[in-house]
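J.: Please see the structure below; I have some questions.
The values are calculated or read from the model by the stated rules, or taken from the named source; none is laboratory data. Just so it is clear, the model here is predicted, and its values are computed rather than measured. Glycine gets a Cβ as well: all are built from the backbone with ideal geometry, and neighbour counts include every protein chain shown.
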Amino acid sequence: MFGKMRYFLVTAVILTMVFVSQIAFAAGVKYLFLFIGDGMGLSLVHATELYLNDIKSDTIGKERISFTKFPVVGLTSTFDAGRYITDSASAITAIMSGHKTLDGVLNMDTGKTEKFTTLAEEAKAAGMKIGDLSTVSLDHATPAGLYAHNPSRNNYYDIALELAKSGFNYFAGGGFRQPTGKEKDKESIFDILAREGYTVIQNRSDFENLTSPKDKVVVINPVLDSEAAMPYAIDRGAEEFSLAELTRKGIELLDNPNGFFMMVEGGKIDWACHANDIRSAIGDILDFEQAVAEAVKFYEKHPEETLVIVTADHGNGGLSLGYALTGYNLYLRRIENQKISYEAFEKKVKDYAQNTPKDKQSLKDFWPTVQENFGFLGLTPEEKAQLEEKAKNGDKDAKETLAMALTDYELSRLEKAFAASMSEESPKGDEAKVLYGGYDPLTVTLTHIMGEKAGISWTTYSHTADPTPVFALGANAELFNGYYDNTDLYAKMKQALGLGVAVTQ
Ligand SMILES: [Zn+2]
């Protein structure tokens with residue numbers, strides 16, 4: 001009898017504890033930030049920390065970036081309904097709606113008939129304001145994941161129409177891929193946005209004059225690339241916006257008594273990984289981190305009411321911190337020699353190919369542009385021998401200069417790639433796919449060699465299936481501890497907001 005009584009009491013205490021903890025969660029956070037580093041796998045985050053240490057110190061170690069210091073760390077699996085390797089559309093559908101779907105599908109089921117309600121829509125229905133920011137176009141898969149329901153992420157115009165109808169309060173970053181439709185025969189999305197009550201800002205002075213209270217705003221960076229995305233952080237001009245600025249403005253405009261939900265995507269981290277460009281990827285992670293820092297500042301003012309989550313939708317590029325020819329060493333400092341992104345360099349290659357007579361085109365002739373932007377050196381055997389002698393005697397500068405000199409192996413790859421870049425026909429076949437991945441042959445060979453000199457290498461130009469990290473800070477952050485699926489992020493965020501039932505941990 002006594003045993004039974006004790007069992008009853010213990011059970012009652014446990015049930016009370018569970019109940020109390022759920023009450024605490026049910027209170028919900030008022031401000032939720034979700035940062036998504038697109039394609040930002042763990043090895044890339046780690047490479048960024050090693051790089052920061054390497055440029056500041058001669059000692060082995062790591063310099064922490066803010067979000068890896070968050071008190072809660074989790075891991076998510078990312079496979080979708082049809083493949084082990086997800087794309088950004090099925091990944092954001094999992095995160096925003098809690099459902100697995102097929103690659104390319106946005107917030108619809110695998111049969112492409114049922115539409116899923118997103119967490120952003122639920123938060124809006126609960127009275128919160130919504131912010132949706134990305135360095136890529138606002139109709140791109142990840143930002144679209146908050147408001148769009150479409151069988152294909154490539155239906156940019158239809159997706160933009162959903163943006164205009166979303167009623168969300170603040171969009172910022174890139175522009176629109178097909179503002180007048182695929183065939184350029186539809187009503188301009190800008191006219192539709194105006195009709196729906198949105199103010200569209202596209203320059204710095206209007207941006208600076210934008211003050212609270214101002215609702216329904218779309219901010220587009222003054223400079224956009226060919227896909228309506230913002231340029232890479234390493235190529236940014238003074239008149240352009242940084243992701244941190246856009247985030248800070250978002251906080252100012254969205255703050256209200258009912259709270260807000262803001263998603264901020266570092267979208268070109270992913271694109272740099274597709275192109276196997278480590279310098280641009282790290283540059284955009286550091287820029288993304290500055291945006292996270294704005295949310296952390298806000299959290300410090302409202303620690304009981306704010307939750308900051310930083311995650312990635314999938315890995316990309318199969319980045320390995322290690323390379324066959326550098327053994328157990330990493331020299332991440334060397335990527336400092338790269339001055340512009342692959343995207344900006346590709347333009348220089350194209351210009352050269354178009355404006356130089358065929359019989360004048362040579363790698364030697366183009367070499368000053370290569371050296372200026374990648375810091376690679378073409379040394380004579382005598383120059384190499386002299387430097388080797390100095391390096392042997394402990395001269396560190398000589399060692400580094402030598403390291404940036406091209407080996408015969410590297411030079412032969414560049415000659416082959418240069419010829420392919422100058423050719424009218426793009427190279428075909430499996431070897432070309434492995435060597436160049438559809439990118440400009442010379443540029444991608446240069447970014448590969450840059451990575452290799454730093455001791456890193458890539459295995460694919462596509463996404464990868466590895467689990468991605470989740471870093472959480474603030475109220476209800478403990479929900480994000482552990483190893484779970486990307487669909488669980490939806491339930492956990494919903495619980496953290498106090499919008500839904502408790503999640504079993
Ligand atoms: Zn992605």
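J.: Condition first: within 16 Å of the ligand (Cβ to nearest atom) and touching an Asp or Glu at 6+ places or on another chain (Cβ under 9 Å). Can you find one or more residues in segment 318-332 that meet it?
T.: yes
J.: Applying the selection to segment 271-300, what residues are more than 15 Å from the ligand (Cβ to nearest atom) and assigned to a loop (DSSP other than H, G, I, E, B)? Write out each step before concluding.
T.: As a first pass, look at segment 271-300 and keep what is more than 15 Å from the ligand (Cβ to nearest atom): 276-280, 282-283, 286-287, 289-300.
Within segment 271-300, 276, 277 meet the criteria.
J.: If you scan segment 154-175, which residues turn out to be surrounded by fewer than 24 Cβ atoms within 10 Å (Cβ to Cβ) and at positive phi?
T.: Selection gives 167 alone.
J.: Follow-up question, since we're still on this one. Can you tell me which residue is farthest from the ligand (Cβ to nearest atom) among those in segment 422-477 that are without any contact (Cβ under 8 Å) to a residue 60 or more places away in the chain and among the acidic types (Asp, Glu)?
T.: Of everything passing the filter in segment 422-477, 424 is farthest from the ligand (Cβ to nearest atom).
J.: Still on this structure, I have one more. Being in a helix (DSSP H, G or I) and under 17 Å from residue 48 (Cβ atoms) is the filter here, so list the residues in segment 243-270 that pass it.
T.: The answer is 243, 244, 268, 269, 270.
J.: Checking the structure you have, find out if any residue of segment 135-147 is touching a Lys or Arg at 6+ places or on another chain (Cβ under 9 Å), in a loop (DSSP other than H, G, I, E, B) and away from the ligand (no atom under 16 Å from the Cβ).
T.: Checked segment 135-147: at least one residue is touching a Lys or Arg at 6+ places or on another chain (Cβ under 9 Å), in a loop (DSSP other than H, G, I, E, B) and away from the ligand (no atom under 16 Å from the Cβ).
J.: Residues that are within 35 Å of the chain's Cα centre (by Cα): list the helices (runs of 4 or more DSSP H) wholly contained in segment 301-400 that include at least 3 such residues. Give the steps one after another, and end with the answer.
T.: Working: elements: 342-355, 363-374, 381-392.
Per the criteria, 342-355, 363-374.
J.: Among 100, 62, 30, 4, which is modelled with pLDDT under 95 and surrounded by 12 or more Cβ atoms within 10 Å (Cβ to Cβ)? I'd like the intermediate steps shown before the answer.
T.: Values: 100 fails: modelled with pLDDT under 95; 30 fails: modelled with pLDDT under 95; 4 fails: surrounded by 12 or more Cβ atoms within 10 Å (Cβ to Cβ).
Testing whether each residue is modelled with pLDDT under 95 and surrounded by 12 or more Cβ atoms within 10 Å (Cβ to Cβ) leaves just 62.
J.: Let me ask something else. Do any residues in segment 73-94 that are without any contact (Cβ under 8 Å) to a residue 40 or more places away in the chain have Cβ atoms under 6 Å from those of residues that are not in a loop (DSSP other than H, G, I, E, B), where the two are at least six apart or on different chains, and which pairs are they?
T.: 80/90
J.: Among the residues of segment 192-247 satisfying the criterion of being under 22 Å from the mean Cα position of the chain (by Cα) and among the aromatic types (Phe, Trp, Tyr), which is nearest to residue 280 (Cα to Cα)?
T.: 232
J.: Within the bounds of segment 79-99, is there any residue that is within 18 Å of the chain's Cα centre (by Cα), among the acidic types (Asp, Glu) and part of a loop (DSSP other than H, G, I, E, B)?
T.: Looking for residues that are within 18 Å of the chain's Cα centre (by Cα), among the acidic types (Asp, Glu) and part of a loop (DSSP other than H, G, I, E, B), one finds at least one in segment 79-99, hence yes.
J.: Hey, another quick one. Go through the residues of segment 67-76 one by one and say whether even a single one is under 29 Å from residue 148 (Cα atoms) and within 16 Å of the ligand (Cβ to nearest atom).
T.: yes
J.: If a residue must be within 30 Å of residue 52 (Cβ to Cβ) and either aliphatic (A, V, I, L, M) or in contact (Cβ under 8 Å) with a residue 40 or more places away in the chain (or both), how many such residues does segment 350-372 contain?
T.: 1
J.: Suppose the filter is more than 16 Å from the ligand (Cβ to nearest atom), over 22 Å from the mean Cα position of the chain (by Cα), acidic (Asp, Glu) and not in a loop (DSSP other than H, G, I, E, B); does residue 54 pass it?
T.: yes
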